[in-house]
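Quick notes on the structure that follows.
The values are calculated or read from the model by the stated rules, or taken from the named source; none is laboratory data. These numbers were taken from a predicted model, which means no experiment stands behind them. Here Cβ is always computed from backbone atoms with ideal geometry, including for glycine, and neighbour counts include all displayed protein chains.
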Amino acid sequence: MKNKLAYILCLLTIGVFIMIYVQDRTHVFKFKKLNGVYYEPKDAKLTFNSFRSGSFQKNLEENLRYNFGFREFLIPLYNQYLWDFYHKSSNYTVKVGKDDWLFGWDDVANYYQGAKYRYGDDKIATKAHLDLEAKRMYKVQHILDEYGVFIFVSLLPSKAFVFPEYLPKNSTPERESFHAIEYYPPLFDSLGINYINVQKIFESLKGKVDYPLFPKTGTHWSHIAAVHAFDTILRYVEHTNNRKLLHYTISEKHASEAKYPDADLESILNLMRPIKPNTNYYADVKVVPDSTASYPTFLVIGDSFFWNISGSVPLGNLFRRYQYWYYNSTVYFNDQHKHTSEVDYLNEILNARIIDLSYSPRQLYIFSNNFLPKALLYLTHEDQEIDSTINALATTLEIASDEERMKAAQDSLFSSPEIFFPDLAEDGIPTTRNSRIQTILGN
């Protein structure tokens, strides 16, 4: 009897491996593609050198791990097992909180550790960096005001800061945390910087509105909350800049299937069943015609929270033209350019009537992504000065590729222009202006 059972188990094992092999080669069974970032592993090419160095074995193992048959079925099955029996996730970027609330690991780290999770314990250096960014914002704001451009900061909310009661327990050693979202507001106040603290607004709205401020299974603010928040931001611009803008109406909330990114954290868990109970709510937006309202150009530099606004608010009906410079890198809603390295910085800044630096708490440590120092440089110095400085700096760099050497020189200058142009390091507003400003405004 034992031999018969062993024989049957052996055949079943062989059958399973045969099925996995056939599925791997033919993909006869179709499964839903797994969510998340996927890096195609390198081909495992067997050579004497690759075998001796161990790269063949490593690449072969990676290929087998990412390409075995039934992978798209077995991984969700395993993930569902972890969720149902242990209430855990195999994805380290997702942290499971109370009542099945999901949080991004970096939001949790930022809440409990502040700048520590990214930049170490040097609080003095971190504060010095934030001070410098605020100082740059102060200067750029005053210069752009001369030319009728309104620039301001949107301090966006964090799910962890609005709903800390749902956070998982802190697994890191207790330490005094330092948060940019708490440091910037009094600093901005002291400098007279234009800003709206949406984080504080969300804290005041908590438990008082009939729609979710944050989805249970996502890391960004909900679509419906973004719609209400952007209306508040526009009203702030109207009041502060004395500029009448178009308004929009917001319908009553209605339940619907989750729209991206309201379930972005749940999606990368790759479970077989949706997390319940969980209802996602949305609202329809309609712009109110008004011939007396202005129809300005709008430029946003910021993090991924703006996707919920652009996906729910008809921005094309509110602004004559709008652009989104994602982390001051990729350019969206611009047919001519795809990256900020391609744009005429000075021209784009001066032709935007409203500029919004829009960042959530964990991204405030990289606030503006060098937009402010680069804008300050081009507003106050001639293009020829800037180009000659880049060329001179490039000659000092020991990088083989001309393209990479020039890029490194540009990155160095645009991140710290005060080193190369000492007048920008002074406390007052720079008095020099790029002569091309008048040409741009004249056109």
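For the reader, a short list of remarks on this structure follows.
- Residue count, the range 175-211 (criterion: crowded, with 20+ Cβ neighbours inside 10 Å, more than 18 Å from the chain's Cα centre (by Cα) and in contact (Cβ under 8 Å) with a residue 60 or more places away in the chain): 1
- Within the range 132-152, residues that are of a type in the set (Asp, Glu) sit with their Cβ atoms under 7 Å from residues that are in a helix (DSSP H, G or I), at 6+ positions apart or across chains, in these pairs: Glu133/Phe367; Glu133/Ser368; Glu133/Leu372.
- Every listed requirement among (1) among the basic types (Lys, Arg); (2) closer than 20 Å to Ala225 by Cα; (3) touching an Asp or Glu at 6+ places or on another chain (Cβ under 9 Å) is met by Lys276 save one, (2).
- Flag if Ser329 is of a type in the set (S, T, N, Q), buried (at least 22 other Cβ atoms within 10 Å of the Cβ), in the same structural domain as Ile301 (by TED's automatic domain parsing) and at pLDDT 95 or above: no
- Helices (runs of 4 or more DSSP H) within the range 9-89 that include 2 or more residues under 33 Å from the mean Cα position of the chain (by Cα), within 30 Å of Arg273 (Cα to Cα) and at pLDDT below 75: 55-67
- Test for Val300: is it touching a residue at least 24 places away in the same chain (Cβ under 8 Å), in the same structural domain as Ser358 (by TED's automatic domain parsing) and touching a His at 6+ places or on another chain (Cβ under 9 Å): no
- The single condition among (1) within 28 Å of Tyr119 (Cβ to Cβ); (2) assigned by TED's automatic domain parsing to the domain that holds Ser435; (3) under 24 Å from the mean Cα position of the chain (by Cα) that Leu377 does not satisfy is (3).
- Residue selected from the range 249-261 under the condition assigned to a loop (DSSP other than H, G, I, E, B) and over 17 Å from Gly36 (Cβ atoms), by the criterion nearest to the chain's Cα centre (by Cα): Lys259
- Hits in the range 263-284 - residues which are surrounded by fewer than 17 Cβ atoms within 10 Å (Cβ to Cβ) and under 28 Å from Asp356 (Cβ atoms): Asp284
- Which numbered condition Glu418 misses (of (1) of a type in the set (D, E, K, R); (2) surrounded by 15 or more Cβ atoms within 10 Å (Cβ to Cβ); (3) under 30 Å from Ile181 (Cα atoms); (4) out of contact with any Leu (no Cβ under 7 Å at 6 or more places or on another chain)): (4)
- Here Leu167, Leu102 are screened, and the one residue that is within 28 Å of Pro274 (Cα to Cα), among the aliphatic types (A, V, I, L, M) and in contact with a Gly (Cβ under 7 Å, 6 or more places away or on another chain) is Leu167.
- Filtering the range 325-375 to residues that are at positive phi and in contact (Cβ under 8 Å) with a residue 60 or more places away in the chain leaves Ser368, Asn369.
- The residues on offer are Pro157, Pro185, and the sole one that is at pLDDT 95 or above, closer than 25 Å to Asn241 by Cβ and either in a loop (DSSP other than H, G, I, E, B) or among the aliphatic types (A, V, I, L, M) (or both) is Pro157.
- Extreme residue, farthest from the chain's Cα centre (by Cα), among residues of the range 283-315 that are under 14 Å from Phe230 (Cα atoms) and aromatic (Phe, Trp, Tyr): Phe298
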